[in-house]
Amino acid sequence: MPAIVWSSEFELGLDPMDDTHREFVDLVNRVTEFNDGQIGDGLDQLIEHTIEHFAQEDRWMRESGFPPTHCHQSEHDRVLEVMRDVRGHVARGDLALGRNLIKELPAWFENHAATMDAALAWYVSTTGYRATAGSGTAAADAKTGCGSGTAASCGCAGAVEPASCG
């Protein structure tokens, strides 16, 4: 049984984003089925995909002038930090922690796609920016705080740790 089933509810109307999200869902489902000897490789695949996935969205945010870029990127950074940290634990033998992360990714994805990614897709569609696939070569911008300390005021609704946006 898949960990997450692709649904039309995940389609945000931005084809490159929808394609990348389908790839993420497929990868999570494959890695969920990996045995203990494969779990580290599965996490490596998830991390590699997620780096490219987030770099692509980060590029769109920078290039389109998406106002809450720093909050969305901060969530991307936190998720990758957790994934890398868990991967280190798996390398030291904590397979249960790796499996737990994989088990939790679908709930995180559903929330992130429905909030932060939906806002980005809407913004891109209303500004005329043409989002293309790929992460580009630009390095991530430095993060700045929102100034208010609240998630709702800076577009961080649904963030893993919204207080970090302040």
* To do: Just need a number here: residues in the range 93-133 that are closer than 29 Å to Glu9 by Cβ, free of Cβ contacts under 8 Å to residues at least 40 places away in the same chain and not in a helix (DSSP H, G or I).
  => 2
* To do: Could you tell me whether Asp94 is exposed (fewer than 15 other Cβ atoms within 10 Å of the Cβ), more than 23 Å from Asp26 (Cα to Cα), at pLDDT 95 or above and out of contact with any Cys (no Cβ under 6 Å at 6 or more places or on another chain)?
  => yes
* Structure fact -> Going through the range 1-19 in order, the residues found to be surrounded by 15 or more Cβ atoms within 10 Å (Cβ to Cβ) and either within 17 Å of Ser125 (Cβ to Cβ) or under 14 Å from the mean Cα position of the chain (by Cα) (or both) are Phe10, Glu11, Leu12, Leu14, Pro16, Met17, Asp18
* Considering only the range 81-114, how many residues are within 20 Å of Glu52 (Cα to Cα) and among the polar types (S, T, N, Q)? -> 1
* Based on what the data block shows, is Leu80 in contact (Cβ under 8 Å) with a residue 40 or more places away in the chain, closer than 17 Å to Ala113 by Cβ and aliphatic (A, V, I, L, M)? -> no
* Asked: Of the residues that sit in the range 98-117 and are surrounded by 17 or more Cβ atoms within 10 Å (Cβ to Cβ) and out of contact with any Gly (no Cβ under 9 Å at 6 or more places or on another chain), which one is farthest from His76 (Cα to Cα)?
  -> Arg99
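Restrict the check to the range 79-86 and report whether at least one residue is over 12 Å from the mean Cα position of the chain (by Cα) and surrounded by fewer than 18 Cβ atoms within 10 Å (Cβ to Cβ).
First, the residues of the range 79-86 that are over 12 Å from the mean Cα position of the chain (by Cα): 84-86.
Then drop every residue that is not surrounded by fewer than 18 Cβ atoms within 10 Å (Cβ to Cβ), which leaves 84-85.
Yes, some residue in the range 79-86 is over 12 Å from the mean Cα position of the chain (by Cα) and surrounded by fewer than 18 Cβ atoms within 10 Å (Cβ to Cβ).
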* Kindly indicate whether any position in the range 20-32 is in contact (Cβ under 8 Å) with a residue 40 or more places away in the chain and exposed (fewer than 15 other Cβ atoms within 10 Å of the Cβ). => no
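The values are calculated or read from the model by the stated rules, or taken from the named source; none is laboratory data. In this text the structure is predicted, and so the values were computed from the model without any measurement. We place every Cβ from the backbone using ideal geometry, glycine too, and count neighbours over all the protein chains shown.
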